[in-house]
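The structure appears below as structure tokens.
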Amino acid sequence: MSSLSVNHLLGIKYLQPSDIDLIFETADQFKEVINRPIKKVPSLRDITIANLFFENSTRTKLSFELAEKRLSADVINFSASQSSVKKGETLIDTVNNILSMKVDMVVMRHPNPGAGIFLSKHIDASIVNAGDGAHEHPTQALLDSYSIRERLGSVKGKNVVIVGDILHSRVALSNIFALQLQGANVMVCGPKTLLPKYIADLGVKVETNLKKALEWCDVANMLRVQNERMDISYFPSTREYAQQFGLTKDIMDSLSKEIVVMHPGPINRGVEITSEVADSDQSIILNQVENGVAVRMAVIYLLASKIKP
Amino acid sequence: MSQKILLNSKEVNITLHRLACQLIENHNDFSDTVLIGLQPRGTYLAHRLARMLKEDYNIKSLKLGLLDITFFRDDFRRGDKPLSANTTEINFIVEDKNVVFVDDVLYTGRSIRSALTAIQSFGRPRHIELLTLIDRRFSRHLPIQPNYRGRQVDAINEERVVVNWEENDGKDSVLLVSE
């Protein structure tokens, strides 16, 4: 069996297509494990993992923690709001302090893009990026592709549109890289103010009309409007955004084919997607959450297998 | 590299029939017994035995599961190559059942140790037995012995026992290969 070409998961940008295949094949086995009466395997019983969250997170943190515990790793949690970071400690100092407690792997979310890459140059532990600013969120992109593969059989050749706040979204960037690596066609759709200026240079189609984008696609990944990252107004009002870019049952019914609907969460119901659509049979939002644990178990397992005892 | 034939296809067939009969002696109609083939190579033997029991010995309700032990192995991170997982297919609970592990070659016993832990994820069996086509004597690392054995073999560590199955390798045979 091959192994991952990387020692850290810092972004999809650094992966090969074969890495993604390997992660998905391993995730298939873990998905079976987490549906057993006893959902735990002892593989990582001698590995300690630190979850460092310098930014708020609910589902990603829970998902990582569950994945680690299902693999029997020892887990320590850290969130910046209750730590010495508030007292002025630097990132390297914080992490080195934690690593002196003999930690093998670090799962980190940080508001600054590239924080994981920076850290990987200064410490020995294996690093998993759980989101760094508006840069990448690799495990989310992997679980999104895994969920598409599960629903549609494969990702290759599928048309996927990412709708919404592309400018502030690490999910969008990681998804674009991941989908392209697997041979899917990618389109981004949103108000012009929320589309980065040179996004087309990544080889994606750009569309500002939601209806046209949906007619083109097999899968629509609806992103949340990240109000907390917006320092200025990018659109006149939430109501106007919802009217132009919100996915409603009316639009879904008007399409000539059935499409698959995804959302990385948390959902702003009634803004980017209505409850009717989010809870419909075409939505795989909750499958994404379940697959998130299996995919993260695969990533952690494969990275841990490269750490020598 | 030299190789010696331990069992040819006819002998494999005779051995499988004997093993099937021994299983019936102890488990009657298999109403409380399940066969668990160990991934990857034990599954060929398990499928073959299950088919034989059904078709040649008229066992009507035989439950067969496939168990992958990768995540329960004790050599994770200790080899050069990562451990690659296979599919587990156990669509029943083994609680209070008689479980028979089926594997092609018993060598160090470590796979069976892992399987004993792995099967607990599917319940608490009443009793666990081990069936193996080839038992490599004098090479055990753990106190594990088979309940049913096809053939006992004395082989040194430099030698490999290779089991070929018709459905995968074109012909049934068991070879002793020395590098």
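All of the numbers you see were taken from the coordinates with simple rules; none came from a lab. In this text, all values refer to a predicted model and were calculated from it rather than measured experimentally. Cβ atoms come from the backbone with ideal geometry, glycine included; neighbour counts cover every protein chain shown.
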Subject >> Helix axis angle, A:17-33 relative to chain A longest principal axis, alpha carbon, degrees >> reply: 80
Original post:
log10 I(q)/I(0), Debye, Cα-only segment A:138-285, no solvent, q = 0.09, 0.13, 0.15 Å⁻¹?
Top reply: -0.23, -0.50, -0.69
Original post:
Could you give the Stokes-Einstein D for chain B in µm² per second, using the C-alpha Kirkwood radius, 25 °C, 0.890 mPa s?
Top reply: 146
Original post:
In the neighborhood of A:Ala200, defined by Cβ-to-Cβ distances under 15 Å, what is the net charge if each Lys or Arg adds +1 and each Asp or Glu adds -1?
Top reply: +1
**OP:** Could you check which residue among A:Ile38, A:Ile251, A:Ile267 shows the biggest mean-square fluctuation in a GNM of chain A with a 10 Å Cα cutoff?
**Re:** A:Ile38
**OP:** Give, as a single signed number, the net charge of other residues whose beta carbon lies under 12 Å from the beta carbon of B:Arg110, with Lys and Arg counted +1 and Asp and Glu -1.
**Re:** +1
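Under Stokes-Einstein, with the Kirkwood radius over Cα pairs standing in for Rh, what whole-number D in µm²/s applies to the protein assembly as shown at 20 °C and 1.002 mPa s?
Here the translational diffusion coefficient equals 85 µm²/s.
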**OP:** Treat every Asp and Glu Cβ in the protein assembly as shown as -1 and every Lys and Arg Cβ as +1, leave all other atoms uncharged, and give the resulting dipole magnitude about the Cα centre to the nearest 20 debye.
**Re:** 580
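Determine the sum of side-chain charges near A:Leu44: Lys and Arg each +1, Asp and Glu each -1, restricted to other residues whose C-beta is under 10 angstrom from that of A:Leu44.
Numbers: positive: A:Arg45, A:Lys69, A:Arg70, B:Arg77; negative: A:Asp46, A:Glu68, A:Asp74, A:Asp104.
After counting each charged neighbour, the total is 0.
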**OP:** Would you calculate, for the protein assembly as shown, the mean residue ellipticity at 222 nm contributed by helices, counting each DSSP H stretch of 4 or more residues as -39,500 (n - 2.57) and dividing by all residues, to the nearest 500?
**Re:** -10000 deg cm²/dmol
Original post:
To the nearest µm²/s, what D does Stokes-Einstein give for segment A:81-177 at 4 °C and 1.567 mPa s, using the Kirkwood radius over alpha carbon pairs as Rh?
Top reply: 85
Subject >> Rounded tilt (10° steps) of A:59-70 against the dominant C-alpha axis of chain A >> reply: 40
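Hey, which of these cross-link pairs are over 29 Å Cα-Cα: A:Lys87/A:Lys192; A:Lys39/B:Lys63; A:Lys40/A:Lys308?
Values: A:Lys87/A:Lys192 40 Å; A:Lys39/B:Lys63 22 Å; A:Lys40/A:Lys308 23 Å.
Those over the limit are A:Lys87/A:Lys192.
With an 8 Å Cα cut-off and a minimum separation of 6 or more residues, compute the relative contact order for chain B in percent. Write down the numbers at each step before the final one.
Working: 329 pairs, mean separation 46.1, N = 179.
Taking the mean separation of contacting Cα pairs over the length of chain B, I get 26 percent.
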**OP:** State, as an integer percentage, the relative contact order of segment A:138-285 based on alpha-carbon contacts under 8 Å between residues 6 or more apart.
**Re:** 24
Subject >> Whole-angstrom gap from segment A:168-240 to segment B:117-179, using each part's C-alpha centre >> reply: 55
